[in-house]
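So the structure is just underneath, and the comments pick up after that.
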Amino acid sequence: MSQSIPPAIIDLSSKTSSSVYESNRGNFAVKLLVLHDTVGSTQYPDNNNLGVDTTGYQNRLVTTLRWLQGDGGVSAHYLIGPEALGAPILRLCQENWVAYHAGGSANWPSSWHAPDGTFYQGNVNGVGIINWISIGIERWGSVDENPGPKQAAALLALATDIARRYNLTADQVVSHKSLEGDRQDGVTMLTAVRAAISQPQPQTHAPASPPAVSVPVAAQPTQSPGDLIGAGFNKLIDFLTPKGTPTAPAPSPPSATVTATTIHIGSTLSQGVAGVVPYLGHGTVKNNGTIIRDKPTGEAQVLRNLNQGTALRLSAYTDKGSNNGTGTRWYLIDAADGGGWIYSGSIN
């Protein structure tokens, strides 16, 4: 069978403000694909039936792009443009960046139960954990409209390409609505995308390295951006597209907390525990015979004992535990080091 062709993409990531993304995922792997709709409102009327001409859609798209590239304090990795403009696929953040698309709020924090039982919720360095492990796709339009055929085709092509490169299953594709209780978007195309991902692929592809540059920019083949997205949009693309050959930014150097091992936030031992906060850290056991328990309390089941000097990677903590009245903070040991909860006073 012939190798499938990735969708054509116009790279606008160089115009996205660094205030709405983290430039390095660190040791977080992509485990989730989140579908969004830009969603209509009186102030931001994004829908595919505006009743305006091409120029009107161009102007509206410019406003949407500015919102997703800095003005709104949020971002996304990709935006599927309006049906009337040919539904172009626009890259707003490189895939190895942490886009601010599904962080949640204090009243509605984002959370996700992974197929392997891991529970993800909380923040890392002030950024919602879901953002660290996901890629976000925005579809230009309202939650109460059906996508046009060009939008549907573009979204299916992009989503299946991402899922194939990161080995994501249909269960690892979710709507924004399922992550945050006050959201309604991302549902319209969810069933179709999951069905497409479940279909056998003609050829298995390993995730590209780095994934940020694995998808070709539309201007590289013989077709130009204008050819791909139809007449009337060239002026907008000229305004938005970086001049010269688009190149992906060099990956940021790893921070001091980044290790070669993927840290598994949560694990089944975090389920049912209040106030779990994802955390990237290390600790060393103080004393011989230190007890590791299945919950953050001194009365919980003993899992094992560790000796002085044992080095541990830590993936979360809670300040709502208890240890015979002497303190409340407990750390969740990373699954790679055996898992379990250790009292904060037992480690350096």
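The values are calculated or read from the model by the stated rules, or taken from the named source; none is laboratory data. Please read these numbers as outputs of a predicted model, since none were measured by experiment. Positions of Cβ are backbone-derived with ideal geometry, glycine not excepted, and every protein chain shown enters the neighbour counts.
Computed values, structure above
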item	result
Count - residues of segment 12-38 that are out of contact with any helix residue (DSSP H, G or I) (no Cβ under 9 Å at 6 or more places or on another chain) and of a type outside the set (Gly, Ala, Ser)	2
Single residue of Ser75, Ser178, Ser134 found to be modelled with pLDDT under 90, hydroxyl-bearing (Ser, Thr, Tyr) and either in contact with a Leu (Cβ under 8 Å, 6 or more places away or on another chain) or surrounded by fewer than 20 Cβ atoms within 10 Å (Cβ to Cβ) (or both)	Ser178
Out of Leu85, Leu68, sole residue that is over 23 Å from the mean Cα position of the chain (by Cα) and closer than 21 Å to Asp144 by Cβ	Leu85
In segment 112-132, the residues that are within 21 Å of Gly272 (Cβ to Cβ) and part of a loop (DSSP other than H, G, I, E, B)	Ala114, Pro115, Asp116, Gly117, Thr118, Gly122
Residues being farther than 16 Å from Tyr78 by Cα and part of a helix (DSSP H, G or I) - total across segment 45-66	7
Test: residue in segment 95-107 that is part of a strand (DSSP E or B), surrounded by fewer than 24 Cβ atoms within 10 Å (Cβ to Cβ) and assigned by TED's automatic domain parsing to the domain that holds Trp140	yes
Residue in segment 235-246 that is among the acidic types (Asp, Glu), at pLDDT below 85 and on the phi < 0 side of the Ramachandran plot present	yes
Filter pass, His36 being of a type outside the set (A, V, I, L, M, F, W, C), touching a His at 6+ places or on another chain (Cβ under 8 Å) and not in a loop (DSSP other than H, G, I, E, B)	yes
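Residues checked against (1) at pLDDT 95 or above; (2) aliphatic (A, V, I, L, M); (3) assigned by TED's automatic domain parsing to the domain that holds Ala154:
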| residue | (1), (2), (3) |
| --- | --- |
| Gln3 | no, no, no |
| Ser19 | yes, no, yes |
| Asn24 | no, no, yes |
| Asn27 | no, no, yes |
| Leu32 | yes, yes, yes |
| Leu35 | yes, yes, yes |
| Thr38 | no, no, yes |
| Gln43 | no, no, yes |
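Table: residues versus (1) modelled with pLDDT of 90 or more; (2) farther than 24 Å from Gln184 by Cβ; (3) not hydrophobic (A, V, I, L, M, F, W, C).
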{"site": "Asp71", "(1), (2), (3)": "yes, no, yes"}
{"site": "Glu83", "(1), (2), (3)": "yes, no, yes"}
{"site": "Leu90", "(1), (2), (3)": "yes, no, no"}
{"site": "Glu95", "(1), (2), (3)": "yes, yes, yes"}
{"site": "Ala99", "(1), (2), (3)": "yes, no, no"}
{"site": "Ala102", "(1), (2), (3)": "yes, no, no"}
{"site": "Ser105", "(1), (2), (3)": "no, no, yes"}
